[in-house]
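The block underneath contains the structure these notes are about, expressed in structure tokens.
Read the figures in this text as sums done on the coordinates, not as results from a lab. For clarity, every value in this text was computed on a predicted model and none was experimentally measured. No Cβ is skipped: glycine too gets one built from the backbone with ideal geometry, and neighbour counts run over all protein chains shown.
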Amino acid sequence: MDAEEAHHFTFNSLKALFSVPGLARVWGGRSAAFAAPVECMGLRFRNPVGLAAGFDKDAELGDIWADLGFGFVEFGTVTPRPQPGNPKPRLFRLIEDEAIINRMGFNNQGAEALARKIDRMHRRDLIVGVNIGKNKDTSLEQAPADYRVCMEMLHDQGDYFVVNVSSPNTPGLRQLQDKDKLTEILDAVQGVNQSRPTSKPLLLKIAPDLTHTQLEEAADAAIAAQFNGIIATNTTITRIGLLTAAERVSAIGAGGLSGAPLTQMAESVLAHLKGYVGDKLTLIGVGGIDSGETAVARKHAGAALVQLYSGYVYQGPGLVREVVKAWKKDFVQ
Ligand SMILES: Cc1cc2nc3c(=O)[nH]c(=O)nc-3n(C[C@H](O)[C@H](O)[C@H](O)COP(=O)(O)O)c2cc1C
């Protein structure tokens, strides 16, 4: 099956299964086994395991993520207006590497539709993050306005917000990680946030391909704009150390690589950031987390919370339980 079709198949199966009365209870996703509370950024997470952005861009599964045991879910990346994303095929599995290459390009139903979907959720035991971006046809100069519009339309719905300037699949987007452009976007987002009666935690999501200097500049910009944290990392544009045949990799073409080949890279970016920012920012670790062990290693590198994407695809829904268990065990030791 084509990788994107397989994604939709799994998705629809989970949706159908978890609408069967009683099944959620049998799976135990809301049970005490999944309790490992973490407090950060003024929020209380039932456990530190989140679903990373891009898996459920339009909040189609909603509260089911709590039934599956997640402590938090990040919807999006959402753009102000709906857009179809890049032509298919745009999602590829590298099975030998337990990796994925994608060039989805922010296919999503737009900010208004997402707000409506989140409004319909119960949100018991589930922190909801909203990851925001710009439309493909918005120029880089106009980008701050797109981020501002997303914030305005979704501020009431999200428990926290993420500025995504690190996806490789929207032309030019990653240039927005440069100091001056970044500051303009972060200030625009914070401006909306602080104009509301309750301000929400804000985070910046970065690429793993930044140099140490670029990482430090991004962290400085986040601190200056009074952001609460950084999510490290998005997918990489590198193709290093893959087992998959080089011809197949080059035939796949452009896109972001995620999964096991990203584990060390994402961990060292997070460790570097932790060394630089100390306790000034909350760090969320994502990238190649595929076991209790890799999650706990990310915690030791400085992550307060972790997110799963490719690992969840390859290891299946049991990975959430495994990570929660390992996290709790590490806490006790
Ligand atoms: C198919 C696919 C779509 C993604 N879409 C988004 C997205 O819309 N926004 C975003 O911030 N990250 C997106 N990501 C990146 C993930 O959230 C995550 O940062 C990255 O995959 C690394 O984690 P992993 O190695 O556990 O997959 C996407 C990843 C994949 C594989």
Out of P171, A188, G158, whose Cα points farthest toward the positive end of the dipole of region 158-245 (charges: +1 Lys, Arg; -1 Asp, Glu; placed on Cβ)? G158
Report the semi-axes of the equivalent ellipsoid for the chain in whole Å, largest first, where each axis is √(5λ) for an eigenvalue λ of the Cα gyration tensor. 26, 23, 22
Distance from the Cα centre of region 280-299 to that of region 92-171, in angstrom? 21
Give the relative contact order (percent, whole number) for the chain; include only Cα pairs under 8 Å separated by 6+ residues. 17
As a test, work out the antiparallel percent of DSSP beta bridges whose residues both lie in the chain, rounded to the nearest 5. 30
Among all the lysines, which ones have a C-alpha under 17 Å from K205's C-alpha, if same-chain residues fewer than 8 places away are not counted? K57, K134, K179, K181, K274, K280
With +1 assigned to the C-beta of every Lys and Arg and -1 to the C-beta of every Asp and Glu, and no other charges, what is the dipole magnitude of region 149-213 about the Cα centre in debye, to the nearest 20? 80
Could you work out how far the C-alpha centroid of region 212-250 sits from that of region 1-53, in angstrom? 26
At q = 0.13 Å⁻¹, what log₁₀ I(q)/I(0) does region 1-134 have when each alpha carbon counts as one equal point scatterer in the Debye sum? -0.62
Reach of K325 by Cα under 16 Å, taken over aspartates and glutamates that are not fewer than 8 positions away in the same chain: D290, E293
